[in-house]
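Notes follow once the structure below has been shown.
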Amino acid sequence: MGKLDKIPGFGPSDPSDGRNLWDWESRYSPGATKHILIEAVYLGCLLFITPWLLLAFYCHAPQNAWSHLGASAQACVSRYGMAWIGGMLGGTLFALKWLYHVVARGLWNLDRRLWRLFTPHISAGLAFAIVALVASGILRIFDASAMHSSSVVVGLAFLVGYFSDSAIAKLTEISDTLFGTSRSKEKHIPEMAKGADSIGDGEAGLAPPTDSE
């Protein structure tokens, strides 16, 4: 394959995916198709499981696993469990959108597999941290009492999971406020480090796809 001179556009900007009319066959080898299918099944399973896990935490199910906890402990486990799963749901949807976009554009590669596998779980951890910070009053996005609402917790966790790069930027601001700016930021950054990927940078350094795509 020749050098890629231009990254294909997304959505309406390039609806042909760089193909001619009636060109329908896959451009990927059988081996690559197998790896793509593995990733698609993995993310599809997460997408199927997360709503059921949210329902389980909301309903405190199974009941025998919650019976030995007090009311306050049950509320705490439910809140942070939904925060974790809500973030995972957002990260899963983000990874799925990137998967089908890069496959269609011919930009899929095996080296990015770890990014697609771990993004939902990193998003879950970030959502958990953000909800905990809001509930503590350190991060004043909402009033801390709003974290007693299940819908607010899940909604916030989903947004944090989907926009995980923005969440990381906000956590960086908080850490700088609490602990001071790291002296390492004053050091010279090598040229090759400037292109390093962030958690939510998507595939191939492209801007995230919009909801209309």
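The values are calculated or read from the model by the stated rules, or taken from the named source; none is laboratory data. If you're wondering where the values come from, they're calculated on a predicted model, not measured in any experiment. So basically every Cβ, Gly included, is an ideal-geometry build from the backbone, and we count neighbours across all protein chains shown. For the accessible areas, the whole protein counts, side chains as well, though only heavy atoms, and no ligand, DNA or RNA atoms are used. Shrake-Rupley method; radii C 1.70, N 1.55, O 1.52, S 1.80 Å.
Beta carbons closer than 7 Å, at least 6 apart along the sequence or on distinct chains, pair a first residue in segment 147-166 that is among the aromatic types (Phe, Trp, Tyr) with a second that is modelled with pLDDT under 90 for 163/200. Selection of segment 67-110 for residues being within 30 Å of residue 33 (Cβ to Cβ), touching a Ser or Thr at 6+ places or on another chain (Cβ under 7 Å) and not aromatic (Phe, Trp, Tyr) yields 88, 89, 90, 91, 92, 95. Taking every residue in segment 130-143 that is under 12 Å from residue 171 (Cα atoms) and pairing it with any residue that is part of a loop (DSSP other than H, G, I, E, B) and open to solvent by 90 Å² or more (accessible area, probe 1.4 Å), at least 6 positions away or on another chain, the pairs with Cβ-Cβ distances below 7 Å are 134/142.
Would you confirm whether any residue within segment 127-147 is open to solvent by less than 40 Å² (accessible area, probe 1.4 Å), of a type in the set (S, T, N, Q) and assigned to a helix (DSSP H, G or I)? Among the residues of segment 127-147, not one is open to solvent by less than 40 Å² (accessible area, probe 1.4 Å), of a type in the set (S, T, N, Q) and assigned to a helix (DSSP H, G or I), which makes the answer no. A single entry from 40, 56, 75 fulfils the requirement of being in contact with a His (Cβ under 8 Å, 6 or more places away or on another chain), part of a helix (DSSP H, G or I) and surrounded by 11 or more Cβ atoms within 10 Å (Cβ to Cβ): 75. Among the residues of segment 106-126, those that are assigned to a helix (DSSP H, G or I) and open to solvent by 30 Å² or more (accessible area, probe 1.4 Å) comprise 110, 111, 112, 113, 114, 115, 117, 118, 121, 122.
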